[in-house]
Amino acid sequence: MKAIKIAVAIMTILLVVGFAVVIYTISTRLSDGTLSKETNEAEIVSEAQVIGKDLKVSGQSFGSIEVKIPAGCRLADAQLRGNTVLFRFDGELTRDCQRVDIYDSSNGTKIGGWQIDISGN
């Protein structure tokens, strides 16, 4: 009976400490702005404003650019990083689908990229 009381007391202490850690973590993240959506939206807006200014400075329109996706592959992700756009493709390795292509966002030219080689050489 005494062992059960000791076990219950230890588990109670662990629960209280666990709740304290969770509350502390949530409060510090809220004060840092880690969980705030407003911070992320402000960063996106400011990035879009900077990109808009860069495009206005160049003043050149390049129309439409064709990004060729191999048969059986799909576009998994696209990211705008400064003056470059990264396209990540996904699909079967045998069709050369695992790759990343990089394009210049100011003139639309392909800069380069990475492709996974499964030949083992």
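A short reminder: the numbers here are calculations on the coordinates, not readings from a lab. Every value quoted in this text rests on a predicted model; they were computed, and no experiment measured them. Every residue, glycine among them, receives a Cβ derived from its backbone with ideal geometry; neighbour counts consider all protein chains shown.
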Ordering 4-12, 67-75 by per-residue average of other C-beta atoms within 10 angstrom, highest first, gives 67-75, 4-12
In nm, the gap between the two label points placed 7 Å beyond Cα toward Cβ at residue 107 and residue 1 is 8.8 nm
